[in-house]
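Written out below as structure tokens is the structure these notes cover.
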Amino acid sequence: MSPHLPLTPDEIARESIAAADAGAAILHLHARNAEDGRPTADPGVFMEFLPRIKQATDAIVNITTGGAPGMTMDERLAAPELASPEMTSLNMGTINFGLFPAVGKIKEWKHPWEKPFLESSRDGIFRNTFKDIEEILNRLGKGHGCRFEFECYDVGHLHNLAWFLDQKLYEPPIFIQFCLGILGGIGAEVDHLLHMVRTAQRLFGNDIEFSVLAAGRHQMPMATQNILLGGNVRVGLEDSLYIERGQLAHSNAEQVSKIARIMTELGYAIATPAEARSRLALKGADRTSF
């Protein structure tokens, strides 16, 4: 889909370090099979690049727990349980995750599996049941001292999160990622973002740090809007392959540099990894296992 997506451990390490150098305080990481580019949850692949990133930068490492369709919970958690990172992602509900509309927009495919993978989302779900969420909270939170990037694709996910807090399965501060623009979740519109922010503030008060990711062309406009609301931002090739209309981004760092420039010109300070660790109450890089 893009020749600029990092695939090998070397490429992922270099991209991560470059993104940190460009201003990213947190690095959200997936792994891929170096031969064909498929997503993989193999902990051995993660351990090929995680130590290099830790040695080269002070940025916070945030490992995915989302996996890929059809993966078991043990497969999804294999890498974070081995690496014991400071942070992992945690999706707050099962949704229809519609990637299939992109099929008609992509003119060239880099790998033969890509088109069928996107098309399969027409008849699949992204599973995150209440049992799944509780298991991740217990195995990674209580078991490893990990904190979470709570990914919320709709307003109901915020209420799911509130329920888990009521059950004393997690303690503030809370880091919420509003995920906008995925077919099956809430749309990438300013009114929707405001509703998510206000609902989160009503449910959780001042115990939150909130951020936004927006899919595709909505990435930079919604990120800028969230900055103006006093929030944080996530950019990267996972969420958008482009740097501007019709132009592929050459790297994650290019997107980080662009939003960092926007933040600076608007008069906002960019958090350092140390500041982010303090605000999110993370355990520290010295307590990871890589």
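Summary of values
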| quantity | calculated |
| --- | --- |
| Any hit, segment 43-58, residues being small (G, A, S) and under 16 Å from the mean Cα position of the chain (by Cα) | no |
| First in segment 257-286 and surrounded by 15 or more Cβ atoms within 10 Å (Cβ to Cβ), second anywhere and among the basic types (K, R), Cβ under 6 Å, 6 or more apart | L280/R147; L282/R147 |
| Residue within segment 67-89 that is closer than 21 Å to G145 by Cα, out of contact with any Ser or Thr (no Cβ under 6 Å at 6 or more places or on another chain), modelled with pLDDT under 95 and buried (at least 17 other Cβ atoms within 10 Å of the Cβ) present | yes |
| Condition met for A200 (surrounded by 18 or more Cβ atoms within 10 Å (Cβ to Cβ), closer than 24 Å to K107 by Cα and touching a Phe, Trp or Tyr at 6+ places or on another chain (Cβ under 7 Å)) | no |
| One residue from M71, M47 being in contact (Cβ under 8 Å) with a residue 40 or more places away in the chain and of a type outside the set (F, W, Y) | M47 |
| Count of residues meeting criterion [closer than 18 Å to L165 by Cβ, of a type in the set (G, A, S) and part of a loop (DSSP other than H, G, I, E, B)] in segment 179-209 | 1 |
| Answer residue from segment 165-205, given it is under 16 Å from the mean Cα position of the chain (by Cα) and not small (G, A, S) and is nearest to F97 (Cα to Cα) among those | I182 |
| Residue in segment 230-238 that is among the acidic types (D, E), under 17 Å from the mean Cα position of the chain (by Cα) and either closer than 21 Å to N91 by Cβ or at pLDDT below 95 (or both) present | yes |
| Of the criteria (1) touching a residue at least 12 places away in the same chain (Cβ under 8 Å); (2) surrounded by fewer than 13 Cβ atoms within 10 Å (Cβ to Cβ), which one L229 fails | (2) |
| Tally, over segment 60-82, of residues that are over 17 Å from the mean Cα position of the chain (by Cα) and of a type in the set (A, V, I, L, M) | 4 |
| Considering residues of segment 232-256 that are surrounded by fewer than 19 Cβ atoms within 10 Å (Cβ to Cβ) and acidic (D, E) only, the residue farthest from K105 (Cα to Cα) | E254 |
| Yes/no for E238 being under 17 Å from L29 (Cα atoms) and of a type outside the set (A, V, I, L, M) | yes |
| All positions within segment 118-139 that are outside any helix (DSSP H, G or I), crowded, with 18+ Cβ neighbours inside 10 Å and in contact with a Phe, Trp or Tyr (Cβ under 9 Å, 6 or more places away or on another chain) | F126 |
| Qualifying helices (runs of 4 or more DSSP H) (wholly inside segment 210-290; at least 1 residues being farther than 15 Å from A19 by Cβ and charged (D, E, K, R)) | 252-265, 273-280 |
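The values are calculated or read from the model by the stated rules, or taken from the named source; none is laboratory data. Keep in mind it's a predicted model, so treat the numbers as computed, not measured. All Cβ positions, even for glycine, are placed from backbone atoms using ideal geometry, and neighbour counts span all protein chains on display.
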